[in-house]
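What follows is one structure encoded as structure tokens, with my remarks underneath.
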Amino acid sequence: MHRLTTPISDEEIRGLRVGDTVYLNGLIMTGRDAAHKFMIEHFIKGTPSEEELPLYNELKKLLDGGVIYHCGPVVKKHEDGTWSFVAAGPTTSIREEVYQADVIRHFNLKGVIGKGGMGPRTLQACREQPAVYFHAIGGAASLIAQAVKEVVTVYKMEFGVPEAMWVIRVEDFPVVVTMDSHGNSIHQQVEEASRARLEALLEAD
Amino acid sequence: MDRWRTLDLTEEFVELVRRAATVLPADMRTAIAEAKGQEEPGSAAEGALETILLNVKMAEEHSTPICQDTGTPIFEIKYPYGVSTKALSEQIRKAVAIATQRAYLRPNAVDSVTGQNSGDNTGEDFPTLHFQEWDQDHLHVDLILKGGGCENVSTQYKLPDAKLGAGRDLEGVRRVVLDAVFQAQGKGCAPGVLGVAIGGDRGASYIKAKQQLLRPLDDTNPDPQLAALEQRILEEGNQLGIGPMGFGGKTTLLGVKIGALHRLPASYFVSVAYMCWANRRASMDVTLRDDNVEVNYA
Ligand code: SF4
């Protein structure tokens, strides 16, 4: 079992192997389709405009050694204007496959949290950077929301609540490394092993 | 008989929805806890099941949804002579809207043409309602909340299937159902429960498959051949090693329930309704006694 706090170092990432359980702590940011598309178009392929520069600098600080969570939370706004997370389970990650590798490289991201795993481009970026893919427990919305101790700020609210970039402070957010920085993917391994088992079972009769 | 017609059960239906969304049935909890004991200590599989159990406990304590995807509400209603199904339908639709307001359900009904979310979980054939009159004198309502992620890995086969070597017999059924478990990997939030239907036309087959999900995990199929097949697929499905969330491990399935329908000589369908670990179901019995209306939830 590992307990990691953002910003995470390269050594810590290299020490992780697929199958490891990790409890994440510190600041992380949610981001799904709209956020990834925005970062690519405005910051990575394009150059930030003058008014976007402050946000870009904030993200560079936050994501250097940081973690992005594929999540569209259900949030509650309190009377004093603060927010809290009510339900915060992971969403399917593969939709970000086209963007993820570039975002990892550009911002020196150390991890991505989601569910279902990602493809070869992300795995390659994980190996080079290094970075890892953390799998959260699908459906564990209440538990994960409890691990979100504070909503620090939110960027790009115009994307809507689920798609906005929420900066949150988490405490012991439970995840499992399913793609590591040594080129291993549990998703690939399990699929191959289960295919062989299936073939044997269908042979049997 | 007139009393059935004037009865308003809206609040009782809201309570039924609340229970389904926030309390995982005891047999599911027991099965997950037992499965956890079988996984390697310290493994990702064990950790995933541990997290699931903790999450279930928190949801019950806070009366919040077990999973943020509260799914399609499917009501199976058995009613005695004299009940107005039209009145019940209206009450259920109202109850679902109230339950959404109270945040037991996430707004989940999207207009397929305009893309608009109705905001209250009502819409065309939403929630799903199935009525059946029976000989008993009380009302029985079962509710399932069927998640979207696992519905996306549900599937239907047309036998014979040459690629899988599946003919039109129970051995063929075994082959295609195991293939369905393999294809799903962890994507339906494994460990799952399979509702399987053999026969019928395509539509009836899917409905029958979902209805199997109402059966308690520890019941025994009255048909000994199907009972044996259920047991075999459960064991072999777990031998695939997919494990909770697809992390690898011993627990891929928690139950397999199979039902059969008559079919046309020309067709042989096998439908597989994949239900995630968040197998949310609840039931309610309503009995009229002298001056009282007795309501029991389970
Ligand atoms: S498949 Fe089930 S547990 Fe997973 S997100 Fe959907 S409803 Fe929740």
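Here is the P(r) of the range B:134-186: all C-alpha pair distances, binned every 5 Å from 0, give 5, 15, 19, 13, 12, 11, 10, 9, 5, 1 in whole percents.
Annotation: the antiparallel percentage among DSSP beta bridges lying fully within chain A is about 60. Peptides A:143-154, A:62-73 ordered by packing proxy, namely the average of other Cβ atoms within 10 Å per residue, highest first: A:62-73, A:143-154. The largest-to-smallest principal axis extents of the Cα set in the range B:41-135 are 56, 41, 23 Å.
Over the protein assembly as shown, the fraction of Cα-Cα pairs per 20 Å bin, rounded to whole percents and listed from the shortest bin up, is 22, 52, 24, 2. Stokes-Einstein diffusion of chain B at 37 °C, 0.692 mPa s viscosity, Kirkwood radius from Cα pairs, rounded to a whole number: 163 µm²/s. Name the residue farthest towards the positive end of the dipole of the range B:149-275 from the options B:Pro224, B:Gly203, B:Cys189, assuming +1 on Cβ of Lys and Arg, -1 on Cβ of Asp and Glu, about the Cα centre. Going by the Cα projections, it comes out as B:Gly203. The angle between the Cα long axis of helix B:224-239 and the main principal axis of chain B comes to about 60°, on a 0 to 90 degree scale.
When B:Arg168, B:Arg280 are sorted by how many other C-beta atoms sit within 10 angstrom of their C-beta, beginning with the fewest, the order is B:Arg168, B:Arg280. Inter-chain Cβ neighbour count for A:109-117, averaged per residue, equals 2 (cutoff 10 Å, partner chain atoms only).
Loop sites here are chymotrypsin sites (Phe, Trp or Tyr not before Pro) outside DSSP states H, G, I, E and B with no more than 14 other Cβ atoms within 10 Å. The longest part of chain B free of them is B:135-298. Contact order for chain B, expressed relative to its length and based on alpha carbon pairs under 8 Å spaced 6+ residues apart, stands at 23 percent.
Each Lys and Arg contributes +1 and each Asp and Glu -1, all at the Cβ; summed about the Cα centre of the protein assembly as shown, the dipole is approximately 640 debye. Helices that extend 30 Å or more along their long axis by alpha-carbon positions and average at least -1.0 on the Kyte-Doolittle scale are absent among the DSSP H runs of chain A.
By the beta-carbon count within 10 Å of each Cβ, the least crowded to most crowded order of B:Leu170, A:Leu201, B:Leu145, fewest first, is B:Leu170, A:Leu201, B:Leu145.
As a ratio to 2.2 N^0.38 Å, the alpha-carbon radius of gyration for the range A:20-146 is 1.07.
Pairs exceeding 25 Å between alpha-carbon atoms, taken from A:Lys156/B:Lys146; A:Lys61/A:Lys156; A:Lys77/A:Lys156; A:Lys156/B:Lys94; B:Lys187/B:Lys210: A:Lys156/B:Lys146; A:Lys156/B:Lys94.
Hey, what angle do you get for helix B:44-62 against the long axis of chain B, alpha-carbon based, 0 to 90 degrees rounded to 10? Tilt relative to chain B: about 10 degrees. Rg and Dmax of the range B:149-275, based on Cα coordinates, read 13.3, 42 Å. Legend: residue pairs B:Lys36/B:Lys163; B:Lys78/B:Lys257; A:Lys76/B:Lys86; A:Lys115/B:Lys78, Cα-Cα distance threshold 28 Å; pairs beyond threshold, B:Lys36/B:Lys163; A:Lys76/B:Lys86; A:Lys115/B:Lys78.
The numbers here are math on the coordinates, done by the rules we state, and not lab data. Here the structure is a predicted model, which is why all the values come from computation and not from measurement. Cβ atoms come from the backbone with ideal geometry, glycine included; neighbour counts cover every protein chain shown.
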